[in-house]
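First the structure, in the form of structure tokens, and then the observations on it.
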Amino acid sequence: MYSHNVRVWEIRTYRGTKRTTYTLRWSVAGNDFPKTFPVKALAESRRSELVAAQRRGEPFCDETGLPESEVRHRLTSVSFYAHAIEFMDMKWPALEPGSRRTLATALATVALALIDDHDGAPEYSVGFRALAGWSFNKTARAAAKPCDEVTEAIAWIEKHSLPLSALADRRSLVLRTTAPPRTTQASSSRRRPTATR
């Protein structure tokens with residue numbers, strides 16, 4: 001939902017032992033959206049964008065924290081895969097391990113449905129494991145580079161992921177997520193990895 005109840009705070013500076021970071025915080029309908037930048041100029045630029053949208057009278061999305069104009073732009077310019085990683089990373093700190101697995105499983109299912117072509121696609125089980133166990137696992141991504149099989153699967157999915165606007169076609173989405181995967185590994189497609197921690 002959208003709201004005009006928006007507050008944008010001043011930038012907070014954190015001086016650590018190794019580096020200094022700059023955190024911008026804003027809220028929409030009571031929901032906080034902090035974002036940390038390595039350079040103050042970037043934080044100031046982002047703050048200026050948010051304040052400008054607020055002064056134009058734009059409503060902000062209370063789920064993403066973005067102004068309406070940015071949400072519209074993201075629908076056509078950002079893939080579901082990229083958005084799902086950003087969304088998972090935002091939710092990660094507040095979720096228990098079980099909830100992380102549940103969300104990663106759901107995102108992986110939709111991500112594998114929202115692709116523009118199945119030619120050359122990785123086996124469903126491989127793609128699912130790559131997404132749920134690595135792409136949508138913040139801890140795993142930070143720990144190490146994935147194996148070659150997972151790397152190749154992720155590269156293919158990233159290239160073929162549909163834009164967020166595909167979510168608007170609910171009937172098509174239902175058909176995509178309930179249809180059997182187009183691979184010879186249909187029997188293994190229902191297995192769900194448990195690597196997300």
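Mind checking which residues of segment 57-76 are exposed (fewer than 13 other Cβ atoms within 10 Å of the Cβ) and modelled with pLDDT of 95 or more?
Hit for segment 57-76 is Gly57, nothing else.
Anything in segment 106-121 that is on the phi > 0 side of the Ramachandran plot and either touching a residue at least 40 places away in the same chain (Cβ under 8 Å) or assigned by TED's automatic domain parsing to the domain that holds Thr36 (or both)? List them, or say none. Step through it out loud before you land on a result.
Of all residues in segment 106-121, those on the phi > 0 side of the Ramachandran plot come to 120.
Of everything in segment 106-121, nothing turns out to be on the phi > 0 side of the Ramachandran plot and either touching a residue at least 40 places away in the same chain (Cβ under 8 Å) or assigned by TED's automatic domain parsing to the domain that holds Thr36 (or both).
Within segment 1-48, work out how many residues are among the hydroxyl-bearing types (Ser, Thr, Tyr) and either in contact with a Pro (Cβ under 7 Å, 6 or more places away or on another chain) or on the phi > 0 side of the Ramachandran plot (or both).
4
Name the single residue, out of those in segment 151-172 being at pLDDT 90 or above, under 14 Å from Tyr81 (Cβ atoms) and out of contact with any strand residue (DSSP E or B) (no Cβ under 7 Å at 6 or more places or on another chain), that is surrounded by the most Cβ atoms within 10 Å (Cβ to Cβ).
Selected residue: Ala153.
Anything in segment 1-53 that is in contact (Cβ under 8 Å) with a residue 60 or more places away in the chain and surrounded by 11 or more Cβ atoms within 10 Å (Cβ to Cβ)? List them, or say none.
Tyr2
Need the failing condition index for Phe87 against (1) free of Cβ contacts under 8 Å to residues at least 24 places away in the same chain; (2) in contact with a strand residue (DSSP E or B) (Cβ under 9 Å, 6 or more places away or on another chain); (3) not β-branched (Val, Ile, Thr), just the number.
The one condition Phe87 does not meet is (2).
State which residue pairs qualify: first residue assigned by TED's automatic domain parsing to the domain that holds Tyr124 and charged (D, E, K, R) and inside segment 93-105, second residue at pLDDT below 95 and in a helix (DSSP H, G or I) in any location, beta carbons under 7 Å apart, and separation of 6 or more residues or different chains.
Listed pairs, sorted by first residue: Arg100/Trp92.
Against the conditions (1) at pLDDT below 85; (2) basic (Lys, Arg); (3) closer than 27 Å to Asp32 by Cβ; (4) outside any loop (DSSP other than H, G, I, E, B), where does Arg197 fall short? Just the number, please.
(4)
The values are calculated or read from the model by the stated rules, or taken from the named source; none is laboratory data. As the structure is a computational prediction, the values presented were derived from the model and not from experiment. Note that we place each Cβ from the backbone using ideal geometry, even for glycine, and neighbour counts take in every protein chain shown.
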